[in-house]
Structure formats: C-alpha cells, structure tokens
Amino acid sequence: MASCSFTILAILIIVTRAVIGEDECSEAATVCEFYLELDHRPTMMKGDDLVYANNGHIYKYDVINTSTASPIDLSEVITADGWENPRLVTVFNGTMPGPPIIVYEGQTVVVHVKNSLKSEATTLHWHGLHQRGRPWMDGVPFVTQCPILPGQTFTYEFLAEPTGTFWYHSHMGGQRTMGAFGALIIRNRMKENAAQEHVMTIQDWNHDWDSELAYMKIQHGMYEGRKKVQPSMSVDGALLSIFKFQSGLINGRGRYHDPVSGKSNGAPLEVFEVEHGKAYMFRVIGVGTVYPFRISVDGHTLTIVASDGYEIESEVVESFIINPGERFDFIIYANSAISNYWIRGLSLEATSNHSAEAILRYNGAPNEEPTTSKRSCTQNNNCVVVNCPYSYYPLQDYTKCKSLDKLKAATYKYPAPDIEPGKFKEFFLNFGFPGTNSTPPSVNGHIFENPPVSAMTQPKEFHSSCDKAECGEDKLCTCSHVISIDDGDTVQLILSNMGNGRGYSHPVHLHGHAFHLIKMGYGQYNETTAKITGDNLDINCRGNPDRSMTFCNNATWANTSWLGGNVPGVELERPLRKDTIIVPTGGYVVIRLKADNPGLWNFHCHIEFHNHGGMQLLVNESFSIIPKPPPDFPTCWNFPSIYHAKRETNHNVFHENGNRYMILTWIFAAAFSGLLVYTLYAIHPHHGQMDEDKMPLLQEK
Ligand SMILES: [Cu+2]
C-alpha cells in the first residue's frame, strides 16, 4: 500500500513538474523534485499478458493473425530486444531506461528514492556530477553512504552543475546491467537551443543476464555444448568478453537477430523524428555493461560537439565509439531526402555484425523501416572514427581512427592545471588482469574490497589494509585501495593497461571530477593487419623484466626526465575534460586534475564485471576538510564491530561464559554509548569538517 501511494505521489509530482517536457523541470523553479522507485519487472509483459513481437509491433500472446489484430500500445511494456521469454529487469518507475531527469543549471535537484526490491539493497549515483560540498550524495555503497535497504527510502539532494549530458544509475552490484539507469540532462539557461534535442541511451543485451549469474560465469568461465566459450575480440586482437552480445538496445528497444538465419524478430525500435532543414543534437549515453558501440547514421555525417558534459571544437566524422559510462553529443543536419534512415550502433566484435538499431524518420516520410545502407569507406574517401580503443583498422577497411587527445576543447576556459613546486602529485595506475595462477581484475595488483562501513562518513571505522605484505611489485593482494591527495594539489594520473594483465581495454570512470585529458599513448601495432604487437614502451613497468610476465604494479616513465610533469606532446591549453576515458590495451592515458573537491571518490572501470571483481580504488581528497554529512546520516557496521567494541567496552561480546545477560548488557551499553558518541560527534566544535587528528585510519597507501 505504501509503495502504491508512493507511486501515485511520484506520478503526481512528475506531472506537476512537467512544465515544458514530460520529465523536465520548469526553468523558473529553484528546486526540482523527483521520485524514483526501484523494483523488478519482467520484459515482454503488458500487465498479466505475455506479448510477442512482429513487424515492428507487439501483440497479445493469443493473437494468431496479426494482419487483422490491433497491435498493443507500447506504454508500460519493457520490450528490450523482443525475446519472448520474459527476462527479469530491475528498473526505476517501471521503465527501461528510467524516466529522464531534465533540469537547468543551478537548480537544486531533490530525488526521493524508494527501494521496493525484496532482496537487494541499492544506491543511486549521479554519473558525471561533482557533488561539490556534498560528497555524501555521490551514491557509492560503502564509500559515500550505507546501502538503502529493501523498503527504505533515501533522498538525494544536489546542485545541478555543470551543464551537459549525464545519467543516473544504481551503483549497487549489477543493478545497472539489469536496467536501473536513466538520463540526467542539465541545461544551460543562458544558451538558446540552436538545435532540438534527442536523448539516446545505448546498451548491450543478453538473454540470460541475471547480473549475479553473469558475474559468476565471468569469474568461473562459461560453457556452451560442453565447450568453453572463448572471449570475443575486436580488430586489434584485444579481448571483449566471454559474455555474448545478443542484441543492442537504443532507449531500451532493439531486435534479436537469429545468429543462423540472420532474420530479426521484428521487435519495435526507437524512432527519432526530425524535420527537414533543421539541426538536431543527439545526447548519447553509454549505459551498457561490457561492449563499446560504433555509432553512425546512414546518409548523414555526425558533428561531435561535446563529451561527458564539456564542449569540444566540433569534429565532423562518419562515426564515433562510445564505451560504458561515456557520453557524446553530436549534431546532425536533417538535409537529406525525406525518408527513413538507420541509426547504427555497431558492436566492435571483429567476427560478427551485431548492432543496436534505431530509426531516423523525417516528418513526411512513410511509416516504414529504412532500406538505407551504411556509408562505404573507400580509398579516396576514408571513414573517420573518433575514440577507437586501438590505433588502426585493417588497411582494406579504409577507416582511420582519431583519438580523443587529438581533439580540442571548444574553449580556452579550462586549461590543464599548472604544476606548482611542492603541490604536484603523480600516480601510475595499471588497470588489468595480472596474475599467474588466477588473474582477477585489479589496479596495480590491488583487488578492491568493499569497506564494511560507509568509509567517507565513518572514517574512524575504515582501514584500507593495503599495507600488508601480500601487496607489492609483481604481487596480488585484496584490500580497499586508497590514494590520497591534498587540497590545491595538481594531480597527474598515468592510467596504463599493460604487462602480464593486458588484454581488455578499460573505460575508467572517476567520481567527483572532470579531469583534463592531456595525452594518450597506444600500444604497438602491425599497421596492415591492425593487430596489436606489444605495449607502448613509454612506460617502464619495472618488476619482472619480461614484459609478458611483469604485473606492471610499480610503473614509471621509461624516460625519467618525463617525471614531475615533464611529459612531451601533452595538450595543456585546450584539453578535453572527461570523467570516463578508455585506457587502450597496451597503452596509457595521462590525465590531470586540481584537488579542489574534498571527498572520497570512487575510481573504477565501468565494465560492470571488471568493477565488481576489484578493478577500482578510492581517491581520498583533502581528507581534513571533507564536509561533514547531515547529523542523522545513516551509518552501518559489522557486528560485532571491533571499532565499537574497543570504544565502548573491554568485554568481548562473545564472552567466554557465553552469558546471555552479559551479551544483552553489552548491546545496551554499546547502543547507549554509540548514541552518546554520535551526539558528541554531531556537536563537535569543528562541525562541518572532518577532524584529521582523530581520523587515523583513512590514510594514503
Ligand atoms: Cu575494465
């Protein structure tokens, strides 16, 4: 009942706010309020009726002749790729994607999240937002908050900044893979909308994707017909995944193509309408689990104008590649003949032609499917692709890659931060799967372990434990990996993907910042076949001198004169600003940021299973001045808690006599003392700041 009234309230609120667009906050409002309820749904069901796909429509399960029956309205049906066997999804407000949140810069956004799942906790991350001054609103479980338990609500409140294309998604387990995401658009009040807009989420889809089972399969291997499935590969020979790309979805809709006949099941697709002679901006959001997409529109060139919320000097291309977590805004000019055109999101798998499809329909064009073809790339007219995770396409493809460090920001407003003596920090972080017997995902050989408390808001109870002997050069260890930076530091991070753990390219996402992308270095390739032949030798992995053996846990510049910020060939004047960047197989990326946003920021691969497995770390930024959360902010801990036990009593909770009375006494004493400590904590004279002296456990490692 509570859930029902919550939903009704949610709908009412969203409708009252729908002044301009359906989910758009009024430009005049100072506060925009939204309600999101997370719950499970089955795909391909309308209420209690199973539906099936045919010729771009869906029909009730018992319809025999589709030529005489009326198709079913698509509202309230999560079609995904039209696969008839309903798949479980985890979605906000019953839709996939969840409702878009569209607001204006500077507005206060209030989102009430209710967890109506029965068995899973959740949190919600606002991907790309910096949460300046409110780092506890970042939505990372056990980092910035305790998970929201089934039945609980949690209200997020944050400032809408900067402007651009962002998204929200669950940061708990594999819920994003299961459908728990939506667009978050922050509009610029000052800027007139030169182009009308379309929002486009793109994702990979698999029929047997239950995220937990998927993770188990990734960990333990996958079998088909008693044969071990080998990972798919991209043209450079880098691995993509053992997990099958069965369909691609755009705005939650796609089509399953039978792998043998190639015939599609005719599921309904997303249609983007345009008027001839006008310009349209597409805000594309990579919400997928594993696979990148190469996006193009038949009969049109794409003008790329922004990525991850920051404007780029416009670049006209045939296509661009988007990875999970990234966003690209492109403009198309609707100047072609009035007709229907395919929008394509090609998988990068070298041995298949899987894709996500949608329709670009000019007003006045027939309500039919496009018959257009992808532009052919020729010797005299090469195709240009932006953001390849490799340097080359095979020679005969007549396709050229343009890396993001070769593009420029649209403005001189955001030069890379300068290096000031004594305020410069440089970290080498290798993302990969190093190992000998087992090869788990890690960063510098550190397999990330979630803290048992909300580390940022309960720092006294958190210890990173990365100081143990198992951590080190050519070693693997499991711990909560933290690097520390101080207020005002210029921080240079060299993200590499090489050595023994090379093989997959990683889209790495940093919370709390839009970093400056100043250089990318790719591996070595055979330029004819496009196959990777070795690591980029700008980086010295150290450790085992054999490049195929070193874990690359302790990397540095091969040329030591590059240390201290002296890397040649960097773009400092107009670097792109991003929050998600692909670290190519065998290559590296150099990013800079200014430590101006105190918080504890998650930094992780955005491929769901790599992240799960431990390819993440935390950036402990300006710990002593991290703002304090509201006094009633939820806490969580292990029971029995060593920290609480130490503070409150010398008695072991499980006393040797096993005396029930003693245990009860301890619990009451702990609860009372906890309350007392909590109250004292809340009225601490340094309220508003963390007290560094008393937070010894969150330290640089
Ligand atoms: Cu990864």
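Where a number appears in this text, it was derived from the coordinates with a stated rule and is not lab data. All of these numbers come straight from a predicted model, not from anything done at the bench. Cβ sites come from the backbone with ideal geometry, for glycine too, and all protein chains shown count toward neighbours.
Can you tell me how much longer the chain between D397 and E368 gets when fully stretched, taken as 0.36 nm per residue apart minus their C-alpha distance, in nm with one decimal?
Length difference between fully extended and current span is 7.4 nm.
Can you give the FRET efficiency to the nearest 0.05 for L572 and E275, using r as the Cβ-Cβ distance and R₀ = 51 Å?
It comes to 0.75.
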Beyond 21 Å (Cα-Cα) in this structure, taken from K278/K400; K46/K217; K406/K578, we find K278/K400; K46/K217
Using a Förster distance of 25 Å, the FRET efficiency for V229-N450 (Cβ separation, nearest 0.05): 0.30
Which of rounded, prolate or oblate describes the stretch 59-186 when judged by the alpha-carbon gyration tensor and an a/c cut-off of 1.5? prolate
Residue exposure sequence - H130, H57 - by fewest surrounding Cβ within 10 Å: H57, H130
Residue separation between S561 and L74 times 0.36 nm, minus their alpha-carbon distance, gives in nm 169.2 nm
Mind ordering 421-433, 561-573 by average Cβ neighbours within 10 Å, highest first? 421-433, 561-573
Taking a cut-off of 12 Å between Cα atoms, list the aspartates and glutamates near K423, but don't count ones fewer than 8 places away on the same chain. D486, D487, D489
Förster radius 22 Å - calculated FRET efficiency between A350 and V260, Cβ distance, rounded to 0.05: 0.65
Reachable lysines from K263, criterion Cα separation under 24 angstrom, eight or more residues apart if same chain: K60, K244, K374
³J(HN,Hα) across the stretch 497-511 via Karplus (A = 6.51, B = -1.76, C = 1.60, θ = phi - 60°), whole Hz, x for Gly/Pro? 8, 8, x, 4, x, 5, x, 10, 8, 10, x, 9, 10, 9, 7
Per its Cα gyration tensor (rounded if a/c is under 1.5, else prolate when a/b beats b/c, else oblate), the stretch 406-462 is best filed as oblate
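For the pairs K191/K594; K460/K646; K425/K594; K413/K628; K227/K531, note any where the Cα-Cα span goes beyond 20 Å. All intermediate terms of the calculation are to be shown ahead of the outcome.
Details: K191/K594 27 Å; K460/K646 12 Å; K425/K594 10 Å; K413/K628 31 Å; K227/K531 26 Å.
Violating the 20 Å Cα-Cα cut-off are K191/K594; K413/K628; K227/K531.
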Packing-ranked peptide list from 246-259, 39-52, highest mean Cβ count within 10 angstrom first, is 246-259, 39-52
A correct Karplus calculation of ³J(HN,Hα) over the stretch 466-475, with 6.51 cos²θ - 1.76 cosθ + 1.60, θ = phi - 60°, whole Hz and x for Gly and Pro, returns 7, 8, 6, 5, 5, 8, x, 4, 6, 10
Name the residues of the stretch 62-84 whose amide N is less than 14 Å from a point 7 angstrom out from the Cα of L50 along the C-beta direction? 62-64, 83-84
Considering only C-alpha atoms, what is the centroid distance from the stretch 378-394 to the stretch 173-237, in Å? 24
Shape call, the stretch 299-363: gyration tensor on alpha carbons, a/c limit 1.5: oblate
